[in-house]
Structures are given as C-alpha cells and as structure tokens.
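Engineer: Take a look at this one; I'll ask things after.
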C-alpha cells in the first residue's frame, strides 16, 4: 500500500483516559496498518496524556490543545495536522471492529464519486440492548438529507450516519470543515453541507464496523444527548435552503417533534406542525408518525423495539432447532 493510501484517524477526547485508550487500541488493531491515529486532547488533561503514553505504537500521535474548543473544533485541529489522503473519525467512548478501514477503503475505491463519504452499519449499545443500525440503507441516488431525515418507521435507528463510521477525503474536510460554533448537530450539519458538493456521494458498508455507545445517563453526559427542540428547530432553519421540502418536513417530524415531546412541551405540538406544513412537504405517513411519536415516548418505543427483537431472535432460534 503506497503512501497515498494512508488513513488518518482522528479521535477528540477530554477527561476519559481509560475510554480513549480502548478506542485508540481498536484503531491500532485495524487489519490495515497504513494508518496514523491522532488523539486531540481538547484542553488541559494530564490524566489522558499520561494514559496514552502507555501505548507504545509509533502510529499514535497525541495533540494537546491549550484550551477547550469542543468536539468539532478538535476534529478540525486533527484534520489540519493529518497527513493521510483519507480521514476517519472515532469518538473516545466508541470502538471499531478490525476490518473497518480496510473494507471502507475498498468501497471508496469502487465509488463513482471523486469524494465519497463512506459510512457503515454499527452496533448501537443502548440502555435497552444492542441493535444493528441503521436498519435501512440508502437507496441509489437518494440525497444524504433525504436519507437521514425522511422516516419510514416509528423506531429510532432506521437511517443513521454517525461520525465514528465516516471515512472521507481530507481534501473534502479541508474545503468543508466542521462548524465549531455548533454544540449539537455538528455531524448532521457537516453532512448536509458536504452533500452540496457535485463530486460527493454516499457509500455504505452493509456490515456493522463499529460499536457506538449510545448510553447517556447522569454519569455519562453528551452534548449530542441534550434535548432542546428549539435548538434543533433553529438549526434546521439554518440549512433549509440546502435541503428539499420533503427532508425539511422529515426532520421536523422525526427530530424536532419527538424532542419537544420528550421535554413534555405540549404547547409546541401545533406550532411545530404548522412549521412543517409552511416550509416542508410532509406525507400523510409523516403526520401519522408525528402523532404516534407524541403519544409514545422514545424510551417506550425503544423498549418495544427490543421486545420485538427478542421475539424475532427466539423464533429464529426455534426454527434453527
């Protein structure tokens, strides 16, 4: 493999020395050896720096930022320092399976797009069990926003592109950096803006290639788990001109509405629906989903999903015996 095939892995981290060490080891354990793993310590954090010194691998590079700049800013700093043609991202509380980069790079080379964004399925570790997401892969020629935002089912996990599954070219990330001003939706924001480039297209590895921790409780807080429907509304308004009316309606139905429901802000029910019809093009099915998502909280929907999964597994086991 020549030098042009070098993949730079960027892992932002802060105050999670044990977790980031596990993430780093999973990256270094890739079957593809031509990699560099750049851990960007997002502010003063001696414990993490000391923990990473215990990993003896010349492919590991540790950057220590003098001040906290947030996950998006830390990723941008890592992108700037990266020497690989390709860049992949890993969060400090997630892990990769060994074939992740090798298989994604093969898909990237077969792509008809000059700047492919290659994602994959992943194992979602949730409070209600482990799931393989996304359950639905994008159809050919479907735009990234329409794939992500237009729902076909009631359950979370149907369409997903999470940052730890993304592999793409450094040149694209230099042209379209992450927005460091966004404390939330920065990954969706990047995907929407990057998808506007004429040479960009989405590719997928159908097998799960990462283990993504989606358990956020009192001891494990994450900006991506902060519920604020008004924030989500303002963000989707900021990119409205970049997406189709159908995708706009989908985000309102599947993200803004359920978030307001989780916050028990019942007064938001009609204003969100009004916004959806005013600037989007919802389907009849979208309205059906909207009402159900208000009636059935996300936590209950996930428990129902887990019960259905357990039932399917039991039935498959009976058939095999």
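Engineer: For residues in the stretch 50-67 being in contact with a helix residue (DSSP H, G or I) (Cβ under 9 Å, 6 or more places away or on another chain) and closer than 18 Å to residue 82 by Cα, which is surrounded by the fewest Cβ atoms within 10 Å (Cβ to Cβ)? Give the derivation first.
Structural biologist: Filtering the stretch 50-67 down to residues in contact with a helix residue (DSSP H, G or I) (Cβ under 9 Å, 6 or more places away or on another chain) leaves 50-52, 54-55, 57, 59-65.
If we keep only those that are closer than 18 Å to residue 82 by Cα as well, we get 57, 59-65.
On the way: 57: 10, 59: 17, 60: 20, 61: 18, 62: 17, 63: 16, 64: 15, 65: 18.
Ranking the qualifying residues of the stretch 50-67, first place goes to 57.
Engineer: Still on this structure: Being crowded, with 18+ Cβ neighbours inside 10 Å, at pLDDT below 95 and not in a helix (DSSP H, G or I): is that true of residue 182 here? Give the derivation first.
Structural biologist: Working: crowded, with 18+ Cβ neighbours inside 10 Å: yes; at pLDDT below 95: yes; not in a helix (DSSP H, G or I): yes.
So residue 182 fits the description; yes.
Engineer: Residue 168: part of a strand (DSSP E or B) and either within 15 Å of the chain's Cα centre (by Cα) or within 13 Å of residue 206 (Cα to Cα) (or both), yes or no?
Structural biologist: Yes: the conditions hold for residue 168.
Engineer: Pick from the stretch 167-179 the residues that are surrounded by fewer than 22 Cβ atoms within 10 Å (Cβ to Cβ), touching a strand residue (DSSP E or B) at 6+ places or on another chain (Cβ under 6 Å) and touching a residue at least 60 places away in the same chain (Cβ under 8 Å): which of them is farthest from residue 82 (Cα to Cα)?
Structural biologist: So, considering only residues that are surrounded by fewer than 22 Cβ atoms within 10 Å (Cβ to Cβ), touching a strand residue (DSSP E or B) at 6+ places or on another chain (Cβ under 6 Å) and touching a residue at least 60 places away in the same chain (Cβ under 8 Å), the one farthest from residue 82 (Cα to Cα) is 169.
The values are calculated or read from the model by the stated rules, or taken from the named source; none is laboratory data. Everything numeric here is computed off the predicted structure, so don't read it as measured data. Reconstructed Cβ throughout: ideal geometry from the backbone, glycine too, with neighbour counts over all protein chains shown.
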